[in-house]
Amino acid sequence: MLTYKRFIEELREFLKQAEDVMGPIGPQSPEVLPTWQRGLVALVERIEAEGYRINCTAASRPFHVKGLPFHAVTAGKHRQQMMDDLGAVILELRVLITTYDKLGEPRKQAEVNATRTPLVLPEEVTIRWVINHVPVRGWFAAGAVLVAAFGGGIGFGRSKLYEVLMHLAGLQP
């Protein structure tokens with residue numbers, strides 16, 4: 001069984017290895033990245049199997065461009081793509097470690113799901129209930145729809161199509 005504390009300790013090692021590969025002037029030994037990536041992905045999968053949700057995109061990052069193998073990444077955009085991928089994963093690892101250092105061990109996903117309670121609708125939805133429960137974003141969206149409908153009505157009332165339809169209906173515009 002992998003504890004979260006042990007996970008963070010191992011994550012610190014992966015971070016150090018990644019920073020060593022990145023080097024002060026760019027990737028120093030990219031040939032170690034496939035093994036490093038597989039090890040990191042396996043570690044993340046192990047802690048997720050314990051019920052934790054980990055935000056790490058190492059598994060989906062190719063660390064190369066257009067199918068070039070790791071050792072062929074030498075210059076230009078290929079080197080830059082590898083540095084960007086590695087830099088992004090390094091940032092993710094730092095965030096995970098810093099969050100643990102500041103806040104401690106997170107709750108397992110099952111614990112998070114257990115604390116969520118669904119919104120219970122009242123027997124009657126009143127204007128007061130809507131005012132108290134609709135977020136500000138919702139009110140702005142409703143206002144935007146009203147303004148757009150009003151503007152559309154004004155524009156349609158000035159259009160040739162409106163004049164033609166009114167003439168066909170036998171009404172004077």
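The values are calculated or read from the model by the stated rules, or taken from the named source; none is laboratory data. On a predicted model such as this, the values are computed, not experimentally measured, just so you know. We place every Cβ from the backbone using ideal geometry, glycine too, and count neighbours over all the protein chains shown.
Here are a few things to note about the model shown:
- The condition of being aromatic (Phe, Trp, Tyr) and over 30 Å from residue 122 (Cβ atoms) holds for only one of 156, 140, that being 156.
- Test for residue 54: is it closer than 18 Å to residue 2 by Cα, at pLDDT 80 or above and within 17 Å of the chain's Cα centre (by Cα): yes
- Scope region 20-36; condition under 15 Å from residue 81 (Cβ atoms) and at pLDDT below 70; matching residues: 26, 27, 30
- Helices (runs of 4 or more DSSP H) (entirely within region 79-173) containing at least 1 residues that are surrounded by 10 or more Cβ atoms within 10 Å (Cβ to Cβ) and at pLDDT below 85: 109-115, 127-133
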